[in-house]
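First the structure, in the form of structure tokens, and then the observations on it.
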Amino acid sequence: MRYAEVAVDAPAGSPTYSYSVPEDLPVQEGQSVWVPFGPRTARGVVVEVTAEPAHEATRSILVASSDVPPLSRRQLEIGRWISNRYLSSLYAALALMLPPGTAREPDVYYEVADVAQGSLPALPARQRDILLHVRESGKDSLGELRRTHGRATAGQAADALVRQGILRRSEAPRGRRVKARTEPLVSLRVDRQECAREMDSLRKSRAWRQAQVLEFLLSSDSPLSPGELRAGCGASPAVLRALRDRGLVEMHERRVWRDPLASLNVRSLDAPLLTDWQTSVWNSMVANWDDGSPPEFLLFGVTGSGKTEIYLRAVERMLALGRRAICLVPEIALAAQTVERFTSRFPGQVALIHSGLSSGQQFDEWERVRSGAADVVVGPRSALFAPIENLGLVVLDEEHEWTYKQDDVAPRYHARAVAKELARMSGAALILGSATPDVETFHRAGAGGLHLLELPHRIGGATQLPPVEVVDMRTELRQGNSGLFSNTLISAMGDALARREQVLLFLNRRGTATLVQCRRCGHVFSCPRCSVALAHHSARGRLLCHRCGYSAPVPERCPTCRSPRLRFIGVGTQRVVEEVKSLFPRARTIRWDSDVPARVRGESRLHEAVHGGQVDVIVGTQMVAKGLDFPNVTLVGVVSADLGLNVPD
């Protein structure tokens with residue numbers, strides 16, 4: 001008997017649980033499995049197979065998921081490190097590396113147990129409807145009940161019937177929700193001479209359409225899909241079946257890749273000549289590489305100094321050595337621009353991975369990386385967990401950005417720390433790039449923990465950054481301007497638009513929370529526990545701390561000066577767009593932030609629209625302030641620049 005230590009998808013408890021392995025079940029380390037866990041069926045990952053169990057009493061593994069490739073030894077190792085470092089469950093850490101579409105919950109079914117225990121008239125209406133539905137069908141899935149009776153309450157009503165003994169609940173392992181897409185292909189099974197004889201025979205028997213299909217296939221250099229045959233020679237499914245039954249053609253399946261980069265108009269580009277500063281940086285990198293030990297670099301370069309070209313050269317070197325690379329960007333919005341640069345240098349070798357892709361695209365890009373078809377991965381922090389073997393380089397562009405922290409769900413990791421550990425485990429080089437390095441990173445470089453490389457000058461001879469003008473909105477208010485924009489900004493926008501140049505308006509905030517401030521003394525209502533500004537939730541009529549959850553009613557007066565003149569400060573991008581349209585009604589304005597649905601936003605489409613001159617004013621939050629290259633943007637306005645002082649990190 002074999003036993004397995006399994007990291008189970010459970011909220012708390014031991015890192016792993018012991019299970020026995022049925023003799024006929026092929027299980028290995030890294031295997032995704034379904035196991036019984038208390039009264040339910042849970043997903044798990046096998047982290048060790050042993051001859052002796054860690055505990056005497058064990059239950060058996062139910063199913064080994066053959067449709068989920070096992071995690072590698074390195075993936076198990078980095079999962080353990082993440083779990084230990086960030087105090088998350090081991091399964092939550094390993095789940096970061098499972099393929100897209102892997103189901104975490106089993107299928108749930110309900111069937112009638114004993115209707116006599118509950119008379120229909122005594123049941124609430126929702127429970128009565130669900131009982132009638134299950135009784136009529138014999139057995140119903142939770143998914144079906146949610147579709148027919150409402151997603152929000154169907155499960156609660158069904159489980160209430162289970163507790164009353166009226167329904168029975170059962171669970172079954174669920175397969176992957178996303179699968180490879182294929183298309184049928186038709187090809188000849190006979191050589192050209194026999195095909196010609198068969199066409200003559202078909203024409204004599206008046207099977208004109210079958211003869212046309214053979215002639216069309218004969219003229220093609222490759223197999224064709226039924227759709228292509230239907231468009232080219234009018235082939236119907238019945239005609240194709242007749243030819244197959246005669247042994248003249250064969251039908252098989254071809255994998256169709258859902259390529260997120262298919263719409264990119266990318267030209268293959270040669271590497272440009274390096275500047276003197278770039279040459280110095282590159283030579284230092286190569287010298288450190290040649291020393292033998294995998295180095296870590298901080299590439300400290302001002303905006304426009306050519307850091308991306310250094311990344312590209314480093315990737316090129318890794319590919320020449322037969323190794324692979326990951327390049328992380330802080331925002332999905334940056335991924336389209338970065339992948340375009342990388343694809344132009346490494347056509348056909350780049351995979352794009354991020355949550356904004358369709359589930360099918362995520363699945364196919366993940367498969368391309370796992371199979372070795374793509375050697376370079378580009379994406380936000382989640383791309384760090386792509387199934388890439390023989391890793392030689394990890395790049396973090398804009399390494400100081402807060403978006404490298406995952407702070408919404410467990411494990412709450414920092415991609416920079418994980419990248420450092422992953423590079424160490426893989427024997428890979430690590431490049432951290434920034435124009436404004438994180439304090440911790442800069443300190444490490446100063447202490448010798450990183451090789452500090454500097455690019456202090458912009459390419460093209462520009463020695464100074466653009467001038468910045470700070471406008472005091474209190475002065476504007478005294479002058480009668482109560483709008484969002486200062487008169488200075490409005491005038492500059494008018495001048496830029498008249499020159500057919502583009503304007504970028506940046507709102508320095510991450511959410512839509514509204515602050516409460518006294519108009520008389522400037523007091524901002526803050527949390528007594530955390531000292532961060534409280535957010536006003538108008539629907540609930542309360543002030544809420546987004547850090548600790550502290551809540552309080554909206555006050556009528558300022559606690560400092562007792563003034564009743566309170567104002568609610570909360571400018572969102574939509575409000576800014578409306579202001580632009582009222583001031584410049586002919587300007588073509590787009591909103592670019594995370595509140596716009598991904599299907600509508602489409603970073604690559606927005607990027608193309610801006611570059612194609614189809615947009616005059618871009619309004620956004622941090623998504624548009626992280627290294628996007630817009631050559632025709634000549635004016636940037638920061639709306640409510642000091643708002644971030646009262647918004648928690």
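The values are calculated or read from the model by the stated rules, or taken from the named source; none is laboratory data. All of these numbers come straight from a predicted model, not from anything done at the bench. We place every Cβ from the backbone using ideal geometry, glycine too, and count neighbours over all the protein chains shown.
Scanning region 583-629 for residues that are at pLDDT below 80, outside any loop (DSSP other than H, G, I, E, B) and more than 16 Å from Leu505 (Cβ to Cβ) yields Ala598, Arg599, Val600, Arg601, Glu603, Ser604, Arg605, His607, Glu608. With a requirement of 2 or more residues that are in contact with a helix residue (DSSP H, G or I) (Cβ under 6 Å, 6 or more places away or on another chain) and modelled with pLDDT under 95, none of the strands (runs of 3 or more DSSP E) lying completely within region 1-59 satisfies it. Beta carbons closer than 9 Å, at least 6 apart along the sequence or on distinct chains, pair a first residue in region 609-623 that is more than 14 Å from Leu334 (Cβ to Cβ) with a second that is buried (at least 16 other Cβ atoms within 10 Å of the Cβ) and of a type in the set (Lys, Arg) for Ile618/Arg591; Val619/Arg591. Would you check if there is a residue in region 263-273 being out of contact with any Pro (no Cβ under 6 Å at 6 or more places or on another chain), surrounded by fewer than 19 Cβ atoms within 10 Å (Cβ to Cβ), touching a residue at least 12 places away in the same chain (Cβ under 8 Å) and farther than 20 Å from Gln337 by Cα? No, region 263-273 contains no residue that is out of contact with any Pro (no Cβ under 6 Å at 6 or more places or on another chain), surrounded by fewer than 19 Cβ atoms within 10 Å (Cβ to Cβ), touching a residue at least 12 places away in the same chain (Cβ under 8 Å) and farther than 20 Å from Gln337 by Cα.
The single condition among (1) buried (at least 17 other Cβ atoms within 10 Å of the Cβ); (2) free of Cβ contacts under 8 Å to residues at least 24 places away in the same chain; (3) in a loop (DSSP other than H, G, I, E, B) that Ala373 does not satisfy is (1).
Of all residues in region 125-153, those being part of a helix (DSSP H, G or I) and over 20 Å from Arg174 (Cα atoms) number 15. Taking region 163-179 as the range and being out of contact with any strand residue (DSSP E or B) (no Cβ under 6 Å at 6 or more places or on another chain) and within 30 Å of Gln361 (Cα to Cα) as the test, the residues that pass are Gly175, Arg176, Arg177, Val178, Lys179. Can you tell me which residues in region 70-87 are surrounded by 20 or more Cβ atoms within 10 Å (Cβ to Cβ) and either in the same structural domain as Ile166 (by TED's automatic domain parsing) or part of a loop (DSSP other than H, G, I, E, B) (or both)? Across region 70-87, the qualifying residue is only Leu71. Are any residues in region 331-358 free of Cβ contacts under 8 Å to residues at least 60 places away in the same chain, closer than 22 Å to Val610 by Cβ and not in a loop (DSSP other than H, G, I, E, B), and if so, which ones? If the condition is that a residue be free of Cβ contacts under 8 Å to residues at least 60 places away in the same chain, closer than 22 Å to Val610 by Cβ and not in a loop (DSSP other than H, G, I, E, B), then Thr338, Arg341, Phe342 are the ones that fit.
Filtering region 551-576 to residues that are more than 31 Å from the chain's Cα centre (by Cα) and in a loop (DSSP other than H, G, I, E, B) leaves Val554, Pro555, Glu556, Arg557, Cys558, Pro559, Thr560, Cys561, Arg562, Ser563, Pro564, Arg565. Condition check for Ala211 on (1) within 36 Å of the chain's Cα centre (by Cα); (2) modelled with pLDDT of 90 or more; (3) small (Gly, Ala, Ser): one failure, at (1). Under 8 Å between Cβ atoms, at least 6 apart or on separate chains: pull out the pairs that start in region 186-214 with a residue that is assigned by TED's automatic domain parsing to the domain that holds Val249 and in a helix (DSSP H, G or I) and end on any residue that is of a type in the set (Ser, Thr, Tyr) and surrounded by fewer than 17 Cβ atoms within 10 Å (Cβ to Cβ). Cβ pairs passing all conditions: Arg209/Ser236.
Restricting attention to region 62-107, the residues that are charged (D, E, K, R) and under 20 Å from Lys420 (Cβ atoms) add up to 5. I'd like to check something: does region 296-306 contain any residue that is assigned to a helix (DSSP H, G or I), among the polar types (S, T, N, Q) and touching a strand residue (DSSP E or B) at 6+ places or on another chain (Cβ under 8 Å)? Within region 296-306, none of the residues are assigned to a helix (DSSP H, G or I), among the polar types (S, T, N, Q) and touching a strand residue (DSSP E or B) at 6+ places or on another chain (Cβ under 8 Å). Evaluate region 232-244: report whether one residue or more is of a type in the set (Val, Ile, Thr), assigned by TED's automatic domain parsing to the domain that holds Leu188 and at negative phi. Checked region 232-244: at least one residue is of a type in the set (Val, Ile, Thr), assigned by TED's automatic domain parsing to the domain that holds Leu188 and at negative phi. Scanning region 362-403 for residues that are over 27 Å from Phe300 (Cβ atoms), in contact with a Pro (Cβ under 8 Å, 6 or more places away or on another chain) and polar (S, T, N, Q) yields a single hit, Gln362. If the condition is being of a type in the set (Lys, Arg) and outside any helix (DSSP H, G or I), then region 451-503 contributes Arg458, Arg499, Arg500.
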